[in-house]
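Here's the structure, in structure tokens; my notes come after.
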Amino acid sequence: MATSIMLLCMFVLLAMGVPIGVCLALPLLIMIAIEPIVPASYIAEVFYSGVANFTMMAMPFFMLSGAIMDSGGLSKRLVRIANSMVGRITGSLGMVTVIACMFFGAVSGSANATVAAIGAIMIPQMVKNGYNKYYATALVAAAGSLGIIVPPSFPMVLYAVTQNVSVGTLFIAGIGPALLVGFVLILINYSYCKKHKIRGREKASLQEFGASIRDGWPALLMPVVVLGGIYGGIFSATEAAVVAVVYGILVGLFYYKELKIKAMFGMYRDNAIFIGGTMLVLAPSAALGKVFAMQGVTEAINEFFLGISTNRYVILTLIFLILFLAGMFVQTSPCIVILGPLLFNVASKVGVDPIHFGIVMIMALSIAFVTPPVASNLFVASSMTGIPIMKITRAIMPFIVGLIICLFIIGFVPEITWSFVNLMG
């Protein structure tokens with residue numbers, strides 16, 4: 001009875017637009033008042049333990065490194081390197097956009113930050129080169145989803161913490177899926193540009209490529225230092241995030257000399273606000289998961305799914321559908337913390353590994369960044385360009401289809417997830 005009241009209260013609050021953290025915490029307090037199945041002291045203890053985690057400290061630092069990278073001039077150097085690689089071939093600027101989003105995502109770990117940083121540079125260039133402005137904005141919004149698929153990634157760290165799996169292994173496992181998604185987005189862009197006869201205007205040359213590498217090597221080296229340090233066992237994911245911040249500050253201040261100390265205080269403030277809101281979500285989410293397990297909700301969900309089918313592909317398809325729908329209405333962090341443990345319990349019954357499930361879950365939730373009503377990538381792109389969200393939504397449909405196809409391929413072919421893990425193991 002108490003669990004039903006708690007869930008009903010949660011959904012009512014969500015429908016009313018109440019902040020996610022309050023939607024999760026208030027039902028717990030109501031449950032304790034109605035039916036104190038656990039003491040309030042236990043809930044308080046779980047609130048604390050849910051966020052008091054060393055690995056979780058990586059999240060604010062990766063977010064901060066992305067902001068520093070953009071303000072310090074590193075992101076535009078990555079765009080120049082990407083541009084020098086493709087030249088005048090059909091759809092070259094669109095290809096540059098996707099590649100630049102992959103580069104930037106390898107440091108920022110944020111989809112929204114990737115859209116803002118790369119969109120500010122690439123959307124005006126694409127429009128000047130003959131791209132439809134709606135299509136150009138949609139491409140940046142879709143490619144921005146790579147920000148959480150390309151490792152290191154903020155949601156990957158969060159999943160690793162909640163599921164108690166290796167952050168480094170999860171990062172390596174994300175490389176293959178990220179390359180697949182990037183390839184599919186480039187293929188869709190090529191088809192569009194082939195139809196509309198859009199070619200690049202600057203011919204690729206070894207001279208320009210060499211110049212871009214000479215100018216941008218510190219920016220290109222940043223993801224190598226971060227990921228190489230983690231994979232090589234030199235430092236942990238949290239230490240790598242701190243290294244990324246320090247590296248970005250040093251390069252932005254003293255090499256490119258574009259990072260201003262005054263601007264850094266604004267970045268720190270914004271990052272503190274962001275991580276404060278995230279912690280407000282994570283603390284009650286951890287307690288909610290414990291209560292669900294104690295009340296038998298986890299077992300009931302298992303019985304429901306396995307009562308429908310015990311076929312691996314059917315179960316995964318149902319999980320994809322739930323994640324896709326949940327992501328349309330709820331932000332990524334609560335989905336990972338609340339739904340992650342519940343749905344993995346089901347997936348594990350049909351032989352899905354926690355690392356593979358983590359990649360699949362993050363891939364599914366990345367699509368939610370471009371599917372209304374939440375669709376935060378679309379909101380960022382709309383605020384940058386002034387284009388109404390509905391117009392961007394119509395233009396982005398081919399990319400959403402491509403992302404969904406990638407989700408099923410990655411989910412049904414785990415070898416893609418394990419390819420780089422096995423290669424580096």
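Look at the alpha carbon pairs under 8 Å that are at least 6 residues apart: their mean separation over the length of the chain gives a relative contact order of 25 percent.
By the helix-only formula, in which each DSSP H run with n ≥ 4 contributes -39500 (n - 2.57) and the sum is divided by residues, the chain has a 222 nm mean residue ellipticity of -25000 deg cm²/dmol.
Each Cα pair under 8 Å and six or more residues apart adds its sequence gap; the mean of these over the residue count of region 180-288 is a relative contact order of 12 percent.
For the chain, the solvent-accessible area works out to 42 Å² per residue, with a probe of 1.4 Å and every protein chain left in place. Just the protein heavy atoms count here, and of the accessible area of region 204-307 at 1.4 Å, carbon and sulfur take up 70 percent.
Three principal axis extents describe the C-alpha atoms of region 265-370; from largest down they are 53, 32, 24 Å.
When +1 charges are put on Lys and Arg Cβ atoms and -1 charges on Asp and Glu Cβ atoms, the dipole computed for region 178-233 relative to its Cα centre reaches about 440 debye.
Checking the a/c ratio against 1.5 first, then a/b against b/c, what shape does the Cα gyration tensor give for region 69-117? Prolate, since a/c reaches 1.5 and a/b exceeds b/c. Can you give the longest run of the chain that contains no GluC sites (Glu not before Pro) sitting in a DSSP loop with at most 16 other Cβ atoms inside 10 Å? The segment 1-201 is the longest one with no such site.
Using a/c under 1.5 as the rounded threshold, could you call region 230-271 rounded, prolate or oblate? The axes a ≥ b ≥ c are square roots of the C-alpha gyration tensor eigenvalues, and prolate needs a/b larger than b/c, oblate otherwise. Oblate, because a/c is 1.5 or more while a/b does not exceed b/c.
How would you classify region 187-243 from its alpha-carbon gyration tensor, with a ≥ b ≥ c the square roots of the eigenvalues: rounded for a/c under 1.5, else prolate if a/b is greater than b/c, otherwise oblate?
Verdict is oblate for region 187-243.
Taking the longest Cα principal axis of the chain as reference, the axis of helix 261-294 is set at about 30 degrees. Counting protein heavy atoms only, region 1-129 has 70 percent of its accessible area on carbon and sulfur, 1.4 angstrom probe.
With a Förster radius of 22 Å applied to the beta-carbon distance between residue 217 and residue 253, the computed FRET efficiency rounds to 0.80. Exposed loop sites were defined as chymotrypsin sites (Phe, Trp or Tyr not before Pro) in DSSP loop states (anything but H, G, I, E or B) carrying at most 15 other C-beta atoms within 10 Å; in the chain the longest segment without such a site runs 236-425. Positive-end ranking of 220, 387, 152 along the dipole of the chain, with charges on Cβ about the Cα centre, is headed by 387.
Looking at this model, which pairs from 133/197; 128/262; 133/262; 128/195; 133/260 are more than 24 angstrom apart at the alpha-carbon? Over 24 Å apart, Cα to Cα: 128/262; 133/262; 133/260. Quick one: with all protein chains in place, what share of the accessible area of region 333-395 is carbon or sulfur, to the nearest percent (1.4 Å probe)? Carbon-and-sulfur percentage of accessible area, whole number: 65. Taking the square roots of 5 times each eigenvalue of the Cα gyration tensor of the chain, largest first, gives ellipsoid semi-axes of 37, 24, 21 Å. Each Cα pair under 8 Å and six or more residues apart adds its sequence gap; the mean of these over the residue count of region 324-425 is a relative contact order of 29 percent. As I understand it, the value is the acute angle between the Cα axis of helix 20-34 and the longest principal axis of the Cα atoms of the chain; what does it come to in degrees, rounded to 10? Tilt of helix 20-34: around 0 degrees. Legend: calculated FRET efficiency, residue 328 to residue 18, from the Cβ-Cβ distance at R0 = 22 Å, rounded to 0.05, equals 0.75.
With respect to the chain, whose longest principal axis is taken over its alpha-carbon atoms, helix 133-143 is tilted by about 60°. For region 86-231, taking the reciprocal of the average inverse distance between every pair of different Cα atoms yields a Kirkwood hydrodynamic radius of 16.0 Å.
The values are calculated or read from the model by the stated rules, or taken from the named source; none is laboratory data. Just so you know, these numbers come straight off a predicted model, no measurement behind them. Ideal geometry is used to build each Cβ from the backbone, glycine not excepted, and the neighbour counts take in all protein chains shown. For accessibility, only protein heavy atoms count, side chains too; no ligands or nucleic acids. Shrake-Rupley method; radii C 1.70, N 1.55, O 1.52, S 1.80 Å.
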